Amino acid sequence: MNPESSPDVLVVGGGIGGLSSAYALARQGLRVRVLERAKEFGEVGAGLQIAPNCTRILAEYGLLDEARSLGVLPENMVMRDALDSRELTRLDLRDLERRYGYPYMVIHRSDLHGIFLRACERAGVELLTDRTVIGYENTADGARVLLADGRVESAPMVVAADGLNSVARRLLVGDDVVSSDYVAYRAAVPIEQVRDNGVAAKDVTVYIGPRCHFVQYALRGGDMFNQVAVFESPKALAGQADWGTPDELDAAFEATCDTVRKGIPLMWRDRWWQMLDRDPVENWVHGRVALLGDAAHPPLQYMAQGAIMAIEDGWVLARHYAGQRDWDAALAAYEAVRVEHCRRVQSTAREWGKLWHLDGTPRLQRNEIMRARDTYDYGFTDWVYGPTALTPDEEPAMFTPVPLSTVSGAP
């Protein structure tokens, strides 16, 4: 796009949500300009799980083969008890692909971001860095954003994809982030460093335990190994401002099984991620400014759907624009379907986190229920892994929870 020309859409934020939505809109022939506050495009983090409801969209975009070449297709997702290592339940991910038509994949976050960055470049999206947006305002024919350096950018439509700590969310909604008192540590290391640790290199393994859990899977063709250690912070519970620090990490996993304990020394100690979300809100669209991704619905990560929901948001918005060629109608349709779906994911993620971290008799009851589940029972995944709904009537029914009280939980 000619820098002097006016864009059809401004996208604020150059993360996975911003770039994927920019690409989705550019595919509809729109002139899209992305404003990223950092001095260069990039993503911080390690591994990311992308379920069939996301790989379906990547396939439509013509990006799935590139993702396959950079990621890994695990064979199973296995959930184990973090204390005794016993298997609780599993998904056969090859059969999952047969059911939903698209694979379950794990990929480095920066690799997925790079796929969308290159796609945007090919599609002619204008990618601008060092642009810090501090204000939003609706106009007679669209919306405009105010930058920290005093400049103003305007367009018929503005997508605010500026993340968990969204400026747009603060200005338009005004709510606060919610702390779960849990913190995540990550590491992506050469596979050779973990071969003797009893790891399952071809699976996604989730160890769930009292007030902690540990996730492992291979990345980048199996050459790297991703680990995520999550635990409840005693400092957070005590109300201390500096919480989730490395001195709490080792203590949190002292009672866990050998494979988990062997993985803890490999975790990065120079950075950690406090686990925060927001309460669901029903109003994402404010005139011609639309919240998208974590700006609209930041989840706790237990469902592994955060980046996926952002990619789905952009796909849905672009599809509705393509069908209507009218922003107000497209935005109304976007909000009508995405708010409820993402509320379900956010709420389920919170409950899933509680379930993972049980102790005592409730832990034993959970384990009994999970062990009773058939590997090929998809009652708990159909509502989220199936095709992304474009209208509320396409949204599938939720799963039926199984109360802990239905079993004894005897050891």
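The values are calculated or read from the model by the stated rules, or taken from the named source; none is laboratory data. All figures in this text were calculated on a predicted structure; none of them were measured in a lab. Here Cβ is always computed from backbone atoms with ideal geometry, including for glycine, and neighbour counts include all displayed protein chains. The area values use the complete protein model at the heavy-atom level, side chains included, leaving out ligands, DNA and RNA. Shrake-Rupley method; radii C 1.70, N 1.55, O 1.52, S 1.80 Å.
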Pairs with Cβ under 8 Å, 6+ apart, first in region 393-411 and open to solvent by 70 Å² or more (accessible area, probe 1.4 Å), second part of a loop (DSSP other than H, G, I, E, B): E394/P387; T400/G379
Options L58, L48, L35: the member that is open to solvent by less than 30 Å² (accessible area, probe 1.4 Å), in contact with a Gly (Cβ under 8 Å, 6 or more places away or on another chain) and of a type outside the set (D, E, K, R): L35
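For (1) touching a Lys or Arg at 6+ places or on another chain (Cβ under 8 Å); (2) at pLDDT 95 or above; (3) farther than 30 Å from A24 by Cα; (4) aliphatic (A, V, I, L, M), each residue gets a yes or a no:
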residue	(1), (2), (3), (4)
L331	yes, yes, no, yes
E335	no, yes, no, no
W356	no, yes, yes, no
A372	no, yes, yes, yes
D377	no, yes, yes, no
T388	yes, yes, no, no
Odd one out for R366 among (1) more than 22 Å from I311 (Cβ to Cβ); (2) open to solvent by less than 40 Å² (accessible area, probe 1.4 Å); (3) part of a loop (DSSP other than H, G, I, E, B): (3)
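Might you let me know whether region 282-303 holds any residue that is among the small types (G, A, S), open to solvent by 20 Å² or more (accessible area, probe 1.4 Å), under 19 Å from H113 (Cβ atoms) and in contact (Cβ under 8 Å) with a residue 12 or more places away in the chain?
no
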Total residues in region 254-268, condition touching a strand residue (DSSP E or B) at 6+ places or on another chain (Cβ under 8 Å), surrounded by fewer than 24 Cβ atoms within 10 Å (Cβ to Cβ) and either closer than 21 Å to W327 by Cα or not hydroxyl-bearing (S, T, Y) (or both): 6
All positions within region 96-130 that are outside any strand (DSSP E or B), open to solvent by less than 30 Å² (accessible area, probe 1.4 Å) and closer than 30 Å to I369 by Cα: L96, Y100, P103, Y104
Criterion violated by L276 - all others in (1) under 30 Å from E395 (Cβ atoms); (2) assigned to a helix (DSSP H, G or I); (3) open to solvent by 30 Å² or more (accessible area, probe 1.4 Å); (4) out of contact with any Lys or Arg (no Cβ under 9 Å at 6 or more places or on another chain) satisfied: (2)
Qualifying positions in region 320-343 - surrounded by 18 or more Cβ atoms within 10 Å (Cβ to Cβ) and not hydrophobic (A, V, I, L, M, F, W, C): H320, Y321, Y334, E335, R338, H341
Residue tally, condition under 15 Å from V106 (Cα atoms) and open to solvent by 20 Å² or more (accessible area, probe 1.4 Å), over region 187-239: 9
Among residues of region 3-37, those that are farther than 19 Å from R169 by Cα, at pLDDT 95 or above and in a loop (DSSP other than H, G, I, E, B), counted: 7
Members of region 291-305 found to be touching an Asp or Glu at 6+ places or on another chain (Cβ under 8 Å) and within 26 Å of G135 (Cβ to Cβ), listed by number: L292, G293, A295, A296, P298
Test: residue in region 136-156 that is β-branched (V, I, T) and either assigned to a helix (DSSP H, G or I) or at pLDDT below 95 (or both): no
